[in-house]
1. Taking the Cα centre of chain A as origin, sum charge times position over the Cβ atoms of Lys and Arg (+1) and Asp and Glu (-1), and report the length of that vector in debye to the nearest 20.
2. Name the residues of the range B:212-252, by number, that are at least 20 Å² less accessible with every protein chain in place than in the isolated chain; the surface is that of heavy atoms, probe 1.4 Å, without ligands or nucleic acids.
3. State, to one decimal in nm, how far the label point of B:R278 lies from the label point of A:K7, with both points 7 Å from Cα in the Cβ direction.
4. How much accessible surface area, in Å² rounded to 10, belongs to the heavy atoms of A:M13 with a 1.4 Å probe?
5. Please work out the Kirkwood hydrodynamic radius for chain A, using every pair of different C-alpha atoms, and report it in angstroms with one decimal place.
6. Quick one: in the range B:284-366, what % of C-alpha pairs are over 14 Å apart?
7. Dipole size in debye (nearest 20) for the range B:284-366 around its Cα centre, Lys and Arg Cβ +1, Asp and Glu Cβ -1?
8. GNM on chain B, C-alpha springs below 10 Å: top fluctuator among B:P285, B:P95, B:P243?
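The values are calculated or read from the model by the stated rules, or taken from the named source; none is laboratory data. It should be emphasised that the depicted structure is a prediction, and the values quoted were computed from it without experimental measurement. Positions of Cβ are backbone-derived with ideal geometry, glycine not excepted, and every protein chain shown enters the neighbour counts. The area values use the complete protein model at the heavy-atom level, side chains included, leaving out ligands, DNA and RNA. Shrake-Rupley method; radii C 1.70, N 1.55, O 1.52, S 1.80 Å.
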Amino acid sequence: MTLLMPKPEPAIMSRRNELIARLGAMLPRESLIVDDVARRAYECDAFTMYRALPLVVTLPESVEQVRAIMALAAEMNVKLVPRGAGTSLSGGSMPLEDGILLGMSKFNRILEIDYENRCARVQPGVQNLAISKAVEAQGFYYAPDPSSQIACSIGGNVAENAGGVHCLKYGLTTNNILGLDVVLMGGDLIRLGGKHLDSEGYDLIGLMTGSEGLLGVVTEVTVRLLQKPPVARGLLLGFASVAAGARCVGAIIARGVIPAGLEMMDKATIHAVERFQPCGYPLDAAALVIVELDGPQAEVDHLVGVVQDIAREEGATTIRASTSEAERLQFWAGRKNAFPAVSCIAPDYLCMDGTIPRARLPEALAGMDRLAKEQGLGVANVFHAGDGNLHPLILYDASKEGDVERAEKLGFDILRLCVSLGGVLTGEHGVGVEKRDLMGEMFTDVDLAQQMRLKCAFDPEGRLNPGKVFPTLHRCAELGMMHVSGGKMPFPDLPRF
Amino acid sequence: MQSACATLEIRDEADAVDAICAAKAKGDCCAIVGGGSKSGLGRYAPQAQALSTAALTGVTLYEPNELVLSARGGVPLSEIEALLDRHGQQLAFEPMDYGPLFGAEAGCATIGGVISVNAAGPRRINAGAARDHLLGFRCVTGRGELVKSGGRVMKNVTGYDLSKLVCGSYGTLALLTELTLKVLPKPQTECTLLAIGADEAESLALLRRATATPCEPSSLAMLPAGAALALDADAAAIRLEGPAISVTARRDELVARLASGGLRFETLDEYDSKTLWRGLRDAAPVAAKVGQIWRISVAPSEGFTVVEHIRAGAPVLAHFYDWAGGLIWLCLETAPDAYAAVVRSAVDASGGHATLIRASEETRATVDIFHPQPAALAALTRRVKESFDPAHILERGRMRAEF
């Protein structure tokens, strides 16, 4: 294990029985998990490379219980890690051995659907897809659609600022949230926003969104609902080279067309997908671009024509436009199955998540190829081409000596490449523990200190989800945020890593 | 600038660091001034000196195919809009020009000022506000530190999203030196459908019905008789944008879906449509009146109730609704307390917030400009401010009396 986490604090570990007793007094029996086997189920999220057994798992059912747990954690100086459905791909909800795991899975109710104001109030444990399902009969949907939407929770989406195929046109989670209820470390409940737009004062909804569970625990979310477009049509475009595909993507945007979805996959992925679940992708193509256009019928038909023209000009070898809903879904079937399909061509894979300026796509892909060869590993590529969000899947075999390390090294090198091309370390999966130690590639110490000071404004003792996002755990006092009284510094033995 | 005080010209980031560090050493507070169009906004709080960003000029990056533009904080908005226009692009959040509302000339706002107030126009309900288009920025904080955040790509969750925080912070956190924005293609054309003949409440209900159709209106406003267009009856105005073929089809469908007895429909062509929405963007129907101006954001279905409550307790001189009823612009007769208690109790009953936009210095020094916050949120807000500016150097007292 190359990852360094804060060493479990013996002072906390030794008080486990007291902690359990006090949690037991405030929670129903089934909301408190203490035995080893049951806790094991929570030892990691979807970033499975690193695991830790949480000190204790709590599954509160009410806001009051969340407040009580967080007040107790603050009082006893115990760390706390919030967790939604556990689908984070960067270890954002990886537990701590000396921390309470606060699972929000019982907050699974849709509280109100308000069609007139085009919004819904939901609890954080509600699945992303469940919101769209609940409103589809009335012709509405919730736009952000991460690939994990069948499993991931809306609270987790807020923590990670989830995106998805639709976000090029309809925005990320942050663009689709109107209100949040948040419990701060210590138990204070704050209400941000509501059913109205642009709450004045500092935009703490915007700050909370994508803060990876380091600032507070979300107990209610007001999401925007969008009217479902009457028509959606898909185009399947094949190209003889990745560069040609990338040029076509640029040309579509340059022509003023913003598709609802604009995805691309390379030859390795196309072949993996066709083997996994044949859906008619052209096997002779080096790159496949899937375009989705949605809106009123007349507009969509018009734009399908525009995109076909562009594809022809850019030398597409395959151009197919869907003429039925079944055919559109068929176009997407392979893309949606790309991750499981790739797992059939290699024993293991590591999914990276960097974003680059779209025009640098050919350079990025060539660079990745070179870096992969250096490590002797394969990479399959499937990505959100419209916004430059890459998801290289690094293929390796964990049973082979050194492969894990090589895969990790390659992943880091790829992310460094993204930053060097003007991009960023993560487009939608979050920093978590996975990319934590790379933050210095993008930010100076001063930049990071400012971010950490914000953390201190919310959580002065640094007890909420520590060890994530920031490469070095600073004390708030060092960052100029805490008044040290009587020379007593909190946690003088706090480990550095 | 609130009143005559020493003005320091900031030419680059080093200047900003020096100026803020010097102010910090003396304990002086600083105003940040761009084009001056928003100097009347916020609490009346004279500052010891002004830092002018007028010399922070230059568009530093513009890649139309990538839909991205970076500019220094002092670049005039008009310069950016003209540049984008030449490439058929725009800032989709349609930033309001506050100048005319305060009796100043139009078109002098800077991009830094636009971001500082999280500007948004009638297209807000679909396209978002400034916060939704700021991809990254560079700034000098109240600590005198040069800090950057975000990036130039559309999707980025690397670290906290500080872009959201600086949008709408009124310069209280940092002096913005460079901003990177997402830009979008201009729609090929637009038109506005006017539905005339329903009363105020019915017109607002009609707007909400229009938002629940697949016709994708980009803006929806309710104009009381006399508010705009020289109409002598209440009107609902619905803007449709996009390819010509689509705009026409959607307009026809909207008419079919909304038609009812007693309702008359008119269509404004592209030119008249643009003129109407530019006026509404700048709150022209209330800006032209002599009186105090409030801007109120509520759930769209609550808009009419809020106005009714206010009308019962304060003399309303002019008003109109944008954002399908969710944004209310009100001009009230001038009073020392700006009828703040009446306005706030009406808004509190519905959930939302009210901001006093235009009032005299005396009133802005004594009445809360922004909505009061509950204790826990107020304390957190203060800690956030102090994480950037512990000594309250920047725009002291501009948002809240206590910092």
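1. 300 debye
2. B:A212, B:P214, B:E216, B:P243, B:I245, B:S246, B:R250
3. 6.8 nm
4. A:M13 has an accessible surface of roughly 70 Å² with all protein chains in place.
5. Working: mean 1/r = 0.0421 Å⁻¹.
That comes to 23.8 Å for chain A.
6. 56 percent
7. Values: 6 positive and 8 negative charges, 26 e Å.
With Lys and Arg at +1 and Asp and Glu at -1, about 120 debye.
8. Highest fluctuation of the listed residues: B:P243.
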